[in-house]
Structure formats: C-alpha cells, structure tokens
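Contents: one structure, followed by commentary.
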Amino acid sequence: MTRMIVHRLLVGLFVMWGAASLIFLIVRAAPGDPATVLLGPDADHAQIVRLRASLGLDRPLGAQYLSYLGDVCRLDFGESHRLGRPAMDAVLDRLPATVDLTLTATVTAVIVGLTLGMLAGGRPGGLLDRVVSACTIALQSFPTFWTGIMLVLVFALNLRLLPSSGVGTPQHLVLPAVTLAFPFIAIIARLTRTSLVETMSEEYVRTARSKGLTERQVLLGHALRNSLIPVVTVVGVQVGALVGGAVIVENVFAWPGLGSLVVEAVANRDYTVVQGATLLIAGIVVVLNLMADLLVAQLDPRIRTGAV
Amino acid sequence: MTAAGTARGHGAGKAAPGTDGPVLRIADLAVELPGPHGTRVRAVDGVSFDVPRATTVGLIGESGSGKTMTAHAVLGLPPEGATLTGRLLWHGEDLVTADPARRRAVRGREIAMIFQDPLAALNPTQRIGRQVGEIPRRDRLPRAEVRRRTAELLDRAGIPEPERRMRAYPHELSGGLRQRAVIAMALAGNPELLLADEPTTALDVTVQSRILRLLADIQAADGLAMLLVSHDLRVVSHVAEQVVVMYAGRVCERGPARAALRRPAHPYTAALVRSVPAVRTRTALAAPLPGAPATPANRPDGCAFHPRCPLVRARCRDETPQVREAAPGRWSACHFAEEVLGE
Ligand SMILES: Nc1ncnc2c1ncn2[C@@H]1O[C@H](COP(=O)(O)OP(=O)(O)OP(=O)(O)O)[C@@H](O)[C@H]1O
Ligand code: SF4
Ligand SMILES: [Mg+2]
C-alpha cells in the first residue's frame with residue numbers, strides 16, 4: 001500500500017515535469033511573445049528588444065528552460081507583466097470559480113450517472129435499459145459547446161428560467177455545471193451499467209444466490225461495491241478531461257474561472273499565467289488520480305495487499 | 001407447500017418419520033436454453049434419478065454432458081433465459097413449481113452447493129469470515145454468536161487457526177484452504193443435501209484426496225445426502241454409493257456405483273471405464289474414448305451415443321432408447337443393455 005502511494009507520487013511528479021516542459025515549449029511555439037503584446041502594434045523594434053532583454057526572453061531557450069524549472073521547484077511561477085502581479089496570484093484568484101463549477105459538475109455526474117447506470121444495469125435489456133442507453137449515446141455524441149448553446153437557447157432565452165451567463169447566484173451555476181456534466185454522466189452511466197451486468201454474472205454472485213439471498217440482498221451485499229471498482233478508476237482519470245471541458249464551458253458561459261483566464265493569457269502571450277495555470281491544473285489532476293487510486297484500493301483488497 | 005414440505009419444518013425434520021423415500025427425486029427434468037437462430041437447446045433432457053437420504057450419488061459424464069446444469073437446476077439457479085420443466089421433488093414437494101420465496105428458503109438451508117472453482121465462487125472483496133458467516137448473520141444472530149459459529153464452521157472444514165483465517169481475503173488463501181472455506185460456507189445453513197460440483201478439479205492432486213476425505217467425513221457424520229459431480233471415475237467409485245452417468249444431457253445409466261463401474265450396463269459407461277486405467281483392470285493401458293462427445297445442441301437422432309458406440313445397430317439410429325431396469329437395480333438407456341451386462 002505505502003509502496004503503491006510512493007510509486008504513484010513519483011509518477012505524479014514525472015507527469016508534472018512533463019506538463020511543465022510541454023507547456024513551456026507550446027507557449028513559446030506560438031508566434032509573438034509577451035513583449036510584442038505588452039508594447040502594442042505601435043512599438044518600434046528597439047523597444048521590443050529592450051523589453052525582451054528585461055524579461056529574459058533573449059536568452060537561449062535552454063537557459064530559459066532551466067531557470068524556469070528551477071523557479072517552479074521553488075514554487076515561484078513568475079510575474080505576469082500584463083497583469084502586474086505574480087502569475088500564481090492571478091491563477092489562484094480564479095481557482096475557486098473553477099472548483100465550484102467542476103465540483104458541482106462532478107458530483108452531479110457521479111450521482112446521476114451512477115443512478116442511471118444502476119437502473120439500466122439492474123434489468124439489462126429492459127425498457128429502462130434501452131432508454132438510458134439511447135440517452136447516454138446522445139449525451140456522449142454532442143460536443144460540449146453545442147450542448148451549452150442549446151441549453152442556453154432553451155432554458156435562458158426561451159423559457160427564461162435561468163441566467164445564460166455570469167456569476168452571482170446558485171442559479172448561475174446550473175447551466176454551465178449541467179453542460180459540463182453531460183458527457184461525464186454518459187460515461188459513468190454506461191460504465192456502471194456494463195460493470196454491474198458483468199458483476200451480476202460473476203460466479204460469486206451465484207454463490208450469494210445459493211445462500212438463499214434475495215436479489216436485492218445480492219445486489220447490495222455483493223455486486224454493487226465490486227461493480228464500482230472500474231467506475232472509480234475511470235472517474236479518477238476522467239476528472240482531467242472534465243477540467244479540460246471546463247475551459248470550453250467557462251468561455252461559453254462567461255464563467256470567470258481558470259478557463260477564461262487561460263484563454264485570455266494565451267491570446268496575450270502571457271507565458272507565466274499559462275504556465276502557472278497549467279501546472280496548477282496538472283497538480284490537481286495528479287492529486288485527484290491518487291485519491292481515485294486510494295479509493296479503488298479501499299474497495300478492492302487485492303490491490304490493497306498488492307496481489308494484483 | 002405440500003404436506004411433506006411442511007413436515008420437514010426447521011432442521012428437526014431431517015429424518016422426519018414417513019420419509020423413507022429419497023430426499024430428492026428428479027423426474028423428467030429438462031433445462032431448455034436459447035440456442036442460435038431462435039432455437040431452443042435441451043441442455044438437460046428428461047433426466048430422472050433419486051438422491052436417497054444420507055447417501056452419496058455420483059454424477060459423471062464427459063465435459064458438456066449437463067452435470068453442472070443439472071445441479072444448478074436442482075438449486076433453482078439455471079442460466080439466464082433457461083426454462084425448467086419436469087419435477088424436482090424435495091421431500092415430495094415440487095421445487096420446479098414452488099414460488100420464488102420458497103425456492104430461496106430451500107437454497108443454502110436445505111440444499112447447498114459447493115461450486116467448481118473456489119476462487120471464482122468467493123467474493124474477492126469480502127473477508128472469508130463475512131462470507132462463511134453470511135447465513136447466520138442474516139439470521140440476525142448476535143455478533144459474537146455469528147463469529148463463534150463461523151469459526152466453528154471453518155474448523156469443521158479443516159481450516160487451521162480459523163479466527164485468523166476469518167479475517168483473510170480469498171486471494172490470501174491457498175487453493176485448498178479456499179475450497180475448505182467454500183465447504184464451510186455450504187455447511188453454514190445446515191443443509192440436508194449437498195451439491196458438490198467437481199469440488200477438487202481446481203486443486204493439486206495431493207490436496208484433492210484430502211478434500212474428498214473431508215467431504216466424505218462430513219457427509220457421513222451429518223447424514224447428509226450428497227450429489228457429487230465429477231468426471232473422475234475413481235473418485236466416484238470410492239465415495240459414492242450410487243452413480244448416474246450422463247451423456248449429451250441425458251441419463252444413460254444409473255445404479256449402484258461399484259457394480260455399475262465394474263460391470264457397466266451401457267456401452268458409454270463401459271467406454272468411460274476403459275478410458276481410466278485403474279478402475280477396473282488396474283492395467284496402465286487406457287483406451288481413450290473414440291470420437292468427439294455429442295453436445296445437446298447437435299444431439300444425434302436415436303441413441304445420442306450411436307456414432308461412437310462399438311455395438312451400434314440399425315435400430316440405434318432411429319429409436320431413442322428409454323432408461324429401463326435391465327437387471328435388478330441396474331438402469332440403462334441402451335437397447336441392448338442385457339447384452340452389455342452379459343459381456
Ligand atoms: N450459460 C449457458 N448458456 C448456454 N449454454 C450453456 C451454458 N452453460 C453451459 N451450457 C451448455 O450446456 C451444456 C451442459 O453444460 P454443463 O456445464 O452442465 O456440462 P458439465 O457436464 O458440467 O461439463 P464440465 O465437465 O465441463 O463441467 C453444454 O453443452 C454447454 O455448452
Ligand atoms: S442403444 Fe445402440 S448405440 Fe446406443 S448405446 Fe446401446 S448399442 Fe450403443
Ligand atoms: Mg461442470
């Protein structure tokens with residue numbers, strides 16, 4: 001168990017390093033740099049060269065990379081010259097809004113997805129199963145921005161039930177969270193269904209039946225927990241995708257979270273903010289994956305005792 | 001519920017007066033499964049035999065002959081989509097037509113099953129003690145009592161240090177201990193009939209004989225009836241009083257185990273015996289069964305065994321032989337059973 005945690009933490013560190021390096025290269029691969037953006041289109045060449053030098057952007061890429069890694073290790077993510085404050089401060093300012101959004105979406109998706117999956121898997125081939133499966137296929141095949149726009153059209157513009165964008169009240173959270181949750185609901189529901197159906201055909205389920213248990217006792221006492229194991233693993237992995245989806249949803253709904261900050265920062269070549277936000281998101285995903293692994297280990301003693 | 005079923009009552013009726021008949025009478029049992037292209041396949045077809053009180057009945061036959069399916073049908077757990085017909089008279093009460101609640105009440109407490117693969121039969125996420133003690137726990141016995149009873153069951157099944165083993169997960173035990181745990185689990189409801197489906201095939205040879213010994217001891221001590229499914233004729237001839245031989249979902253022979261295996265009344269039994277070196281002749285030369293076994297899905301017309309039978313005649317191809325008493329106590333589904341017996 002401890003070995004597993006240490007192993008996962010090392011893998012997590014490696015992932016963080018990979019994310020740090022990739023984003024470092026990607027932001028610099030885009031045309032233009034912070035100096036040109038900060039000075040605007042009217043700046044002359046000499047001004048740009050001077051600002052570049054003062055930002056350290058004239059140094060060789062390798063040297064920039066090394067000092068960047070060194071700073072990151074000291075948790076120094078640099079200044080955003082455009083915002084005139086430390087990049088991480090700007091990122092952390094926006095974090096709560098994104099956490100609100102993704103957490104609401106995740107909780108919704110887990111509750112709705114598990115319920116639908118269990119209802120469908122409880123009677124495979126039944127009416128409910130077919131309805132749920134049709135719905136989940138639909139949910140999974142619509143792109144997030146499209147669902148978002150449709151929901152806005154129906155609930156905000158036509159029915160005028162909910163605000164279409166912005167923040168302030170819990171109602172503001174509903175449409176973006178639901179939009180973000182939709183594909184996730186589909187994934188969880190389908191996986192739960194498959195897993196439950198598979199588990200119910202396991203031999204130990206027949207053993208449970210052979211003890212004279214009712215179907216309900218078999219389901220609650222033997223099948224449910226075991227069928228959740230693959231679901232938890234996938235949820236842990238998919239939370240990363242959810243954070244990615246949040247970037248799109250935040251922009252559709254003008255939600256002031258990390259997503260919209262990153263889009264602005266990319267447009268303005270605000271390297272430090274893009275890097276800081278990416279590293280923070282990567283860190284969160286690594287921690288969430290670790291938590292999912294721990295939960296799986298809690299559910300499955302074979303993993304806990306290192307048998308698998 | 002029939003009078004006999006009520007008379008059995010709670011545990012006390014194990015040797016209820018007036019039940020000299022078999023504890024279980026299987027009559028014309030059939031299990032139909034959905035086959036390819038909307039067809040129905042009779043995986044078990046017209047099977048009849050008795051399991052007398054406190055007796056071990058061996059059920060043998062090649063792979064796919066329907067042994068497991070028969071045992072599952074007795075337990076009331078046929079595969080998804082299967083239909084059961086015929087009668088399963090449990091102390092005279094027909095379980096085929098019994099309502100689901102009554103069926104559940106019988107399961108585990110009157111008829112219990114030991115499954116073929118102990119690792120697969122145990123829930124990987126639950127401790128052994130929880131699984132073995134499930135029936136007492138569901139009976140809402142006090143916790144300490146459930147623990148005591150669980151430890152006692154494990155001890156009976158020959159598991160050393162039961163208190164410690166109770167806390168183990170299935171994957172932490174050896175194959176032999178796992179099978180013992182499965183046996184303990186089957187005994188938890190004080191059943192009167194044990195269905196043991198190849199209880200030793202998943203184990204090492206050395207462990208196999210110890211598990212069989214254990215089962216035989218428990219069977220004798222508790223006066224249990226036992227249906228022992230096996231494809232090991234040696235095991236059956238040692239442990240069972242009666243034997244039922246199945247081929248392609250049908251019974252081809254039944255009778256006293258020793259006699260039937262020493263002097264078969266059906267060419268299929270004879271071929272099975274010849275395929276095992278030590279049972280009859282004690283020579284090292286075994287004659288493997290010629291040809292491939294018929295399956296219930298494409299069972300030949302007439303006698304299902306006729307494509308492989310050394311005695312086959314014209315009649316065998318058109319006329320399906322019925323199981324009949326060819327000699328006192330010796331039942332055979334061969335047109336020429338007397339001839340086979342006389343060999
Ligand atoms: N779940 C199922 N659905 C459909 N057909 C099945 C199912 N299980 C078994 N069968 C078929 O039913 C027939 C009888 O199978 P069964 O498992 O009872 O054989 P068996 O005598 O126990 O064999 P073995 O010695 O291999 O355990 C076989 O032809 C098999 O292919
Ligand atoms: S009925 Fe005919 S084919 Fe069948 S076992 Fe007897 S002799 Fe062989
Ligand atoms: Mg079998």
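Only helices enter this figure: runs of n ≥ 4 DSSP H residues, each worth -39500 (n - 2.57), summed and divided by the residues of chain B, yield -9000 deg cm²/dmol at 222 nm to the nearest 500.
The C-alpha radius of gyration of the range A:146-266, expressed as a fraction of 2.2 N^0.38 Å, stands at 1.48.
On average, how much area does the Cα convex hull of chain B cover when viewed from any direction, in nm²?
Working: hull surface 73.9 nm².
So the Cα hull casts an average projection of 18.5 nm².
Ordered by the count of other Cβ atoms within 10 Å of each Cβ, fewest first, B:Arg148, B:Arg330, B:Arg250 give B:Arg148, B:Arg330, B:Arg250. When chain B is described by a simple charge dipole with +1 on each Lys and Arg Cβ and -1 on each Asp and Glu Cβ, the residue from B:His238, B:Leu95, B:Ala292 located farthest towards its positive end is B:His238.
Dipole check for the range B:3-240: with +1 at the C-beta of Lys and Arg, -1 at the C-beta of Asp and Glu, and the Cα centre as origin, the magnitude is about 880 Debye.
Ranked by how many other Cβ atoms sit within 10 Å of their own Cβ, fewest first, the residues B:Trp90, B:Trp331 fall in the order B:Trp331, B:Trp90.
Share of antiparallel DSSP beta bridges in the protein assembly as shown, in percent to the nearest 5? Within the protein assembly as shown, antiparallel bridges account for around 65 percent of the total. Ordering B:Cys334, B:Cys316, A:Cys73 from the fewest to the most neighbouring beta carbons within 10 Å gives A:Cys73, B:Cys316, B:Cys334. Rank B:Ile111, B:Asn123, B:Ala54 by how far each Cα sits towards the positive end of the charge dipole of the range B:38-166 (+1 on Lys, Arg Cβ; -1 on Asp, Glu Cβ) and give me just the farthest. Of the listed residues, the answer is B:Asn123.
Let me know the charge dipole size of chain A about its Cα centre in debye, to the nearest 20, where only the beta-carbon of Lys, Arg (+1) and Asp, Glu (-1) is charged. Don't jump to the answer; show the numbers that get you there.
Working: 23 positive and 20 negative charges, 209 e Å.
With only Lys, Arg, Asp and Glu charged at Cβ, the dipole is about 1000 debye.
Quick one: grab the alpha carbon gyration tensor of the range A:88-305, order the square roots of its eigenvalues as a ≥ b ≥ c, and give me rounded if a/c is under 1.5, else prolate or oblate depending on whether a/b is larger than b/c. It is oblate, given that a/c is not under 1.5 and a/b is not larger than b/c. So for the range B:265-343, what percent of the C-alpha to C-alpha distances run longer than 16 Å? So the portion of pairs separated by more than 16 Å is 55 percent.
To the nearest 20 Debye, how big is the dipole of the protein assembly as shown about its Cα centre, given +1 on the beta carbon of each Lys and Arg and -1 on that of each Asp and Glu? Can you show the working numbers first?
Values: 69 positive and 56 negative charges, 331 e Å.
Computed charge dipole of the protein assembly as shown: roughly 1600 debye.
Toward the positive end of the charge dipole of chain A, with +1 on the Cβ of Lys and Arg and -1 on the Cβ of Asp and Glu, the farthest Cα among A:Leu196, A:Gly62, A:Ala43 is that of A:Leu196. Can you tally the net charge around A:Gln64? Count Lys and Arg as +1, Asp and Glu as -1, for every other residue whose Cβ sits under 10 Å from the Cβ of A:Gln64. Its environment carries a net charge of +1.
Just so you know, all these numbers are worked out from the coordinates, no wet-lab data involved. Since the model is a prediction, treat every value here as computed from it, not as a measurement. Virtual Cβ from ideal backbone geometry, glycine too; neighbours counted across all protein chains shown.
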